[in-house]
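The values are calculated or read from the model by the stated rules, or taken from the named source; none is laboratory data. Please read these numbers as outputs of a predicted model, since none were measured by experiment. With ideal geometry, Cβ positions are generated from the backbone for all residues, glycine too; neighbour counts draw on all protein chains shown.
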Amino acid sequence: MLELCHISKHFSGIAAVDDVSFVARPGEVTGYLGPNGSGKSTTIKMIIGLIEMTTGHILFDGKQIGDDLREYKRRTGYVPEEPYLYTHLSGLEYLTMVAQLRRLPVQESTTRIDALLQLFSLHGDRHASISGYSKGMRQKILLIAALIHNPDLLLLDEPFSGLDVGSALMLRSLIREMASRGKVVLFSSHELDTVERISTRVVILHRGRVVANDSIERLRSLMKAPNLEAIFAQLAVEQDNEAIARQVADIIHA
């Protein structure tokens, strides 16, 4: 179980994340939502240990992650929002490097990488340089790298970015399958329809603070909203999007 307890992060005295607390449980998919700049990626970077929190603490299986950060990271798979890759390497070379850094046995990792490349439709391009990969292909490499060591905690920051429809549907099923096998899954996405379809519960941020933390069904009932998009609009969107759309249309048709 992943527990965030009163997490805050300040940059130059400004709170990017402000007193955030929630729990992500094994066997569940937790969707983490918010407008751009609400603190989602900052939170995930604190969870993965890339940046230090200003206050609060994070527990995984009841232990503070900082007590043994190396062991914690060994149990964690992470897909970042931006695809930072060594583009001079081929897809196969990159994944082999990841497996070596994870200290996976050579034979096991070779077999696993080959099978995953096949399933993600990358096997034919495994020897090609990542610099020539499309955005979707790079995203698949990041996903394989996050999964290759069978992590207990899976952190996905905009994991559907660049994926075609078929690959996105496969990833939806994969996220649900990972949760069904007892993994803790936390993912952030702007694709509200996808979040609604696969999440057990959602946490919504607005200006760095949690404004909702519940199942989608319960939020629909409490807020008398038909779907997650309507819930999100009530809690985290300040502007009148329809009015802005009309103004834009008026300007370009003037």
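Here are the numbers for the structure shown:
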quantity: Among (1) in contact with a Gly (Cβ under 8 Å, 6 or more places away or on another chain); (2) under 26 Å from residue 42 (Cβ atoms); (3) small (Gly, Ala, Ser) - the single one residue 182 does not satisfy; calculated: (2)
quantity: Residues that are hydrophobic (A, V, I, L, M, F, W, C), surrounded by 12 or more Cβ atoms within 10 Å (Cβ to Cβ) and part of a helix (DSSP H, G or I), drawn from segment 88-114; calculated: 92, 95, 97, 98, 99, 113
quantity: Some residue of segment 195-203 being surrounded by fewer than 19 Cβ atoms within 10 Å (Cβ to Cβ), outside any helix (DSSP H, G or I), at pLDDT below 95 and among the polar types (S, T, N, Q); calculated: yes
quantity: Members of segment 68-87 that are assigned to a loop (DSSP other than H, G, I, E, B), in contact with a helix residue (DSSP H, G or I) (Cβ under 8 Å, 6 or more places away or on another chain) and closer than 23 Å to residue 2 by Cβ; calculated: 80, 81
quantity: Residue match in segment 147-159 (condition: part of a helix (DSSP H, G or I) and surrounded by 14 or more Cβ atoms within 10 Å (Cβ to Cβ)); calculated: yes
quantity: Candidates 40, 9, 63, filtered to the one that is in the same structural domain as residue 215 (by TED's automatic domain parsing), more than 24 Å from residue 195 (Cα to Cα), crowded, with 20+ Cβ neighbours inside 10 Å and not hydroxyl-bearing (Ser, Thr, Tyr); calculated: 9
quantity: Any hit, segment 36-50, residues being under 20 Å from the mean Cα position of the chain (by Cα), assigned to a strand (DSSP E or B) and among the aliphatic types (A, V, I, L, M); calculated: no
quantity: Qualifying residue in segment 101-111 (condition: under 21 Å from the mean Cα position of the chain (by Cα) and not basic (Lys, Arg)); calculated: no
quantity: Selection from segment 66-86 of residues that are farther than 18 Å from residue 149 by Cα, surrounded by fewer than 14 Cβ atoms within 10 Å (Cβ to Cβ) and touching a residue at least 40 places away in the same chain (Cβ under 8 Å); calculated: 86
